[in-house]
1. Identify, by number, the condition in (1) among the polar types (S, T, N, Q); (2) modelled with pLDDT under 95; (3) farther than 20 Å from F180 by Cβ; (4) within 25 Å of the chain's Cα centre (by Cα) that S3 doesn't meet.
2. Scanning region 55-77 for residues that are over 18 Å from F139 (Cα atoms) and polar (S, T, N, Q), which turns out surrounded by the fewest Cβ atoms within 10 Å (Cβ to Cβ)?
3. Among the residues of region 150-169 satisfying the criterion of being among the small types (G, A, S) and surrounded by 13 or more Cβ atoms within 10 Å (Cβ to Cβ), which is nearest to G116 (Cα to Cα)?
4. Output the number of the condition that A22 fails; it satisfies all remaining conditions of (1) modelled with pLDDT under 85; (2) surrounded by fewer than 13 Cβ atoms within 10 Å (Cβ to Cβ); (3) among the small types (G, A, S); (4) under 27 Å from the mean Cα position of the chain (by Cα).
5. Quick check on L81: is it over 22 Å from F157 (Cβ atoms), over 24 Å from the mean Cα position of the chain (by Cα), of a type in the set (A, V, I, L, M, F, W, C) and at pLDDT 95 or above?
6. Got a number for residues in region 170-202 being surrounded by 12 or more Cβ atoms within 10 Å (Cβ to Cβ), within 29 Å of P60 (Cβ to Cβ) and at pLDDT 95 or above?
7. Report, by residue number, each residue of region 137-178 that is farther than 13 Å from R72 by Cα and polar (S, T, N, Q).
8. I need every pair where a residue in region 137-155 that is of a type in the set (D, E) has its Cβ under 6 Å from the Cβ of a residue that is assigned to a strand (DSSP E or B), sequence separation at least 6 or different chains.
Amino acid sequence: MTSLPATIRPDISRKHRAVGLACAAVAAGMVGMSYAAVPLYRMFCQVTGFGGTTQVAVAPSTKVLNQAIVMRFDANVSDALAWKFEPVERKFDMKIGENRLANYRATNLSDQTLTGTATFNVSPEAAGIYFNKIECFCFTEQTLKPGQSVDMPVSFFVDPAFADDPNTAKITQLTLSYTFYPVAGAKAAARAGAKGTMEGGG
(Lines give C-alpha, C1' and ligand atoms only; values in the text may rest on other atoms or scores of the structure.)
Protein backbone atom coordinates (compact mmCIF):
# COMPACT_ATOMS: atom_id res chain seq x y z
CA MET A 1 0.00 0.00 0.00
CA THR A 2 1.49 3.36 -1.03
CA SER A 3 1.70 5.91 1.78
CA LEU A 4 0.70 9.51 1.20
CA PRO A 5 3.40 12.13 0.79
CA ALA A 6 4.27 13.92 4.02
CA THR A 7 3.05 17.24 2.56
CA ILE A 8 -0.48 15.83 2.08
CA ARG A 9 -0.90 14.09 5.46
CA PRO A 10 -1.10 17.36 7.52
CA ASP A 11 -3.82 18.67 5.19
CA ILE A 12 -5.90 15.54 5.72
CA SER A 13 -5.39 15.76 9.49
CA ARG A 14 -6.57 19.37 9.49
CA LYS A 15 -9.67 18.38 7.49
CA HIS A 16 -10.43 15.55 9.92
CA ARG A 17 -10.11 17.95 12.86
CA ALA A 18 -12.40 20.45 11.12
CA VAL A 19 -15.02 17.76 10.46
CA GLY A 20 -14.76 16.57 14.06
CA LEU A 21 -15.20 20.07 15.44
CA ALA A 22 -18.16 20.67 13.13
CA CYS A 23 -19.83 17.44 14.32
CA ALA A 24 -19.21 18.39 17.94
CA ALA A 25 -20.72 21.82 17.34
CA VAL A 26 -23.81 20.32 15.70
CA ALA A 27 -24.25 17.87 18.61
CA ALA A 28 -23.88 20.66 21.17
CA GLY A 29 -26.37 22.78 19.23
CA MET A 30 -28.92 19.96 19.18
CA VAL A 31 -28.58 19.49 22.95
CA GLY A 32 -29.00 23.23 23.45
CA MET A 33 -32.08 23.29 21.23
CA SER A 34 -33.66 20.42 23.16
CA TYR A 35 -33.32 22.37 26.41
CA ALA A 36 -34.54 25.58 24.75
CA ALA A 37 -37.53 23.85 23.17
CA VAL A 38 -39.52 23.60 26.41
CA PRO A 39 -39.38 27.29 27.44
CA LEU A 40 -39.92 28.38 23.83
CA TYR A 41 -42.91 26.05 23.52
CA ARG A 42 -44.26 27.32 26.85
CA MET A 43 -43.85 30.91 25.70
CA PHE A 44 -45.67 30.12 22.44
CA CYS A 45 -48.57 28.55 24.38
CA GLN A 46 -48.82 31.49 26.76
CA VAL A 47 -48.94 34.02 23.94
CA THR A 48 -51.39 32.13 21.72
CA GLY A 49 -53.45 30.21 24.27
CA PHE A 50 -52.52 27.02 22.38
CA GLY A 51 -53.69 23.84 24.09
CA GLY A 52 -55.91 25.82 26.45
CA THR A 53 -52.96 27.59 28.08
CA THR A 54 -54.27 30.46 30.18
CA GLN A 55 -52.95 34.01 30.23
CA VAL A 56 -51.46 36.14 33.03
CA ALA A 57 -53.07 39.56 33.56
CA VAL A 58 -51.24 42.50 35.13
CA ALA A 59 -54.49 44.13 36.30
CA PRO A 60 -58.13 43.19 36.97
CA SER A 61 -60.80 43.50 34.30
CA THR A 62 -62.51 46.89 34.04
CA LYS A 63 -65.38 45.83 31.74
CA VAL A 64 -68.17 43.40 32.62
CA LEU A 65 -70.63 42.11 30.03
CA ASN A 66 -74.21 41.17 30.73
CA GLN A 67 -73.45 37.66 29.50
CA ALA A 68 -73.15 34.73 31.88
CA ILE A 69 -70.90 31.72 31.66
CA VAL A 70 -70.58 28.61 33.83
CA MET A 71 -67.14 28.02 35.35
CA ARG A 72 -66.23 24.47 36.33
CA PHE A 73 -63.13 23.46 38.30
CA ASP A 74 -61.17 20.23 37.95
CA ALA A 75 -58.31 18.90 40.09
CA ASN A 76 -55.84 16.05 39.55
CA VAL A 77 -52.71 14.78 41.33
CA SER A 78 -49.84 12.73 39.97
CA ASP A 79 -49.51 9.25 41.51
CA ALA A 80 -45.98 10.31 42.49
CA LEU A 81 -47.27 13.03 44.84
CA ALA A 82 -49.03 11.93 48.04
CA TRP A 83 -51.49 14.81 48.13
CA LYS A 84 -55.24 15.17 48.10
CA PHE A 85 -56.18 18.07 45.84
CA GLU A 86 -59.69 19.29 45.02
CA PRO A 87 -61.70 22.43 44.23
CA VAL A 88 -63.51 23.95 47.20
CA GLU A 89 -66.38 24.85 44.87
CA ARG A 90 -66.80 22.73 41.75
CA LYS A 91 -68.71 25.29 39.69
CA PHE A 92 -70.32 28.70 39.77
CA ASP A 93 -71.94 31.15 37.37
CA MET A 94 -70.18 34.38 36.50
CA LYS A 95 -70.30 37.14 33.92
CA ILE A 96 -67.74 37.61 31.17
CA GLY A 97 -65.29 40.27 32.32
CA GLU A 98 -66.17 39.78 36.00
CA ASN A 99 -63.26 39.41 38.43
CA ARG A 100 -63.70 36.24 40.47
CA LEU A 101 -61.83 34.22 43.06
CA ALA A 102 -61.86 30.42 43.22
CA ASN A 103 -60.20 28.19 45.81
CA TYR A 104 -58.62 24.77 45.65
CA ARG A 105 -57.59 22.78 48.71
CA ALA A 106 -54.49 20.62 49.00
CA THR A 107 -53.61 18.20 51.80
CA ASN A 108 -50.32 16.37 52.29
CA LEU A 109 -51.27 12.77 53.06
CA SER A 110 -47.71 11.64 53.77
CA ASP A 111 -45.38 11.84 56.77
CA GLN A 112 -42.85 13.87 54.79
CA THR A 113 -42.63 17.49 53.66
CA LEU A 114 -43.48 17.53 49.96
CA THR A 115 -43.18 20.22 47.30
CA GLY A 116 -45.43 20.25 44.26
CA THR A 117 -46.14 22.46 41.30
CA ALA A 118 -49.25 22.64 39.15
CA THR A 119 -49.71 22.47 35.40
CA PHE A 120 -52.95 23.92 34.11
CA ASN A 121 -55.24 24.52 31.16
CA VAL A 122 -58.74 25.66 30.35
CA SER A 123 -61.19 23.88 28.06
CA PRO A 124 -62.50 24.25 25.44
CA GLU A 125 -58.98 25.03 24.25
CA ALA A 126 -60.09 27.99 22.10
CA ALA A 127 -60.90 29.89 25.31
CA GLY A 128 -57.35 29.72 26.67
CA ILE A 129 -56.27 33.00 25.14
CA TYR A 130 -59.17 34.81 26.87
CA PHE A 131 -58.82 33.27 30.33
CA ASN A 132 -56.74 35.66 32.44
CA LYS A 133 -55.22 34.88 35.84
CA ILE A 134 -54.29 37.78 38.10
CA GLU A 135 -52.94 35.69 40.98
CA CYS A 136 -52.58 31.92 41.19
CA PHE A 137 -51.00 29.26 43.39
CA CYS A 138 -49.73 27.77 40.13
CA PHE A 139 -47.29 30.65 39.67
CA THR A 140 -44.97 29.20 42.34
CA GLU A 141 -44.03 25.86 43.86
CA GLN A 142 -46.09 24.81 46.88
CA THR A 143 -44.63 23.08 49.94
CA LEU A 144 -46.78 21.24 52.47
CA LYS A 145 -45.65 19.73 55.75
CA PRO A 146 -46.85 16.27 56.79
CA GLY A 147 -50.64 16.34 57.24
CA GLN A 148 -50.85 20.05 56.37
CA SER A 149 -53.94 21.27 54.50
CA VAL A 150 -54.11 24.67 52.78
CA ASP A 151 -56.51 26.59 50.58
CA MET A 152 -55.00 27.76 47.30
CA PRO A 153 -56.72 30.70 45.58
CA VAL A 154 -56.79 31.71 41.94
CA SER A 155 -58.00 35.17 40.92
CA PHE A 156 -59.17 35.42 37.31
CA PHE A 157 -61.51 36.86 34.69
CA VAL A 158 -62.61 36.02 31.17
CA ASP A 159 -61.63 38.75 28.69
CA PRO A 160 -64.72 40.45 27.20
CA ALA A 161 -63.19 39.85 23.74
CA PHE A 162 -64.25 36.24 24.33
CA ALA A 163 -67.80 37.24 23.33
CA ASP A 164 -66.67 38.75 20.01
CA ASP A 165 -64.59 35.83 18.76
CA PRO A 166 -66.60 33.48 16.47
CA ASN A 167 -64.59 30.55 17.89
CA THR A 168 -65.70 31.23 21.47
CA ALA A 169 -68.84 33.39 21.31
CA LYS A 170 -71.20 30.41 21.61
CA ILE A 171 -69.30 28.68 24.43
CA THR A 172 -71.38 28.66 27.63
CA GLN A 173 -69.14 26.60 29.94
CA LEU A 174 -65.43 26.65 30.75
CA THR A 175 -63.42 24.18 32.81
CA LEU A 176 -60.24 25.25 34.60
CA SER A 177 -58.10 22.19 35.26
CA TYR A 178 -54.98 21.73 37.38
CA THR A 179 -52.68 18.76 37.87
CA PHE A 180 -50.15 18.75 40.71
CA TYR A 181 -46.82 16.97 40.26
CA PRO A 182 -43.80 16.65 42.51
CA VAL A 183 -41.41 19.38 41.38
CA ALA A 184 -39.04 17.09 39.43
CA GLY A 185 -42.00 15.21 37.92
CA ALA A 186 -43.64 18.40 36.69
CA LYS A 187 -40.50 19.41 34.80
CA ALA A 188 -40.33 15.99 33.17
CA ALA A 189 -44.04 16.15 32.25
CA ALA A 190 -43.56 19.58 30.67
CA ARG A 191 -40.62 18.34 28.61
CA ALA A 192 -42.54 15.26 27.50
CA GLY A 193 -45.60 17.32 26.56
CA ALA A 194 -43.57 19.78 24.51
CA LYS A 195 -41.65 16.99 22.77
CA GLY A 196 -44.80 15.02 21.97
CA THR A 197 -46.61 18.03 20.53
CA MET A 198 -43.65 19.07 18.38
CA GLU A 199 -43.14 15.52 17.09
CA GLY A 200 -46.83 15.35 16.26
CA GLY A 201 -46.60 18.55 14.25
CA GLY A 202 -48.70 20.53 16.75
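1. The one condition S3 does not meet is (4).
2. N66
3. Out of the qualifying residues, it is S155.
4. Of the numbered conditions (1) modelled with pLDDT under 85; (2) surrounded by fewer than 13 Cβ atoms within 10 Å (Cβ to Cβ); (3) among the small types (G, A, S); (4) under 27 Å from the mean Cα position of the chain (by Cα), the odd one out for A22 is (4).
5. no
6. So the count comes out to 9.
7. Matches in region 137-178: T140, Q142, T143, Q148, S149, S155, N167, T168.
8. E141/T115; E141/T117; D151/N103; D151/R105
The values are calculated or read from the model by the stated rules, or taken from the named source; none is laboratory data. Here the structure is a predicted model, which means the values were calculated and not measured. Because the Cβ atoms are built from the backbone with ideal geometry, glycine has one as well, and the counts that use them run over all protein chains shown.
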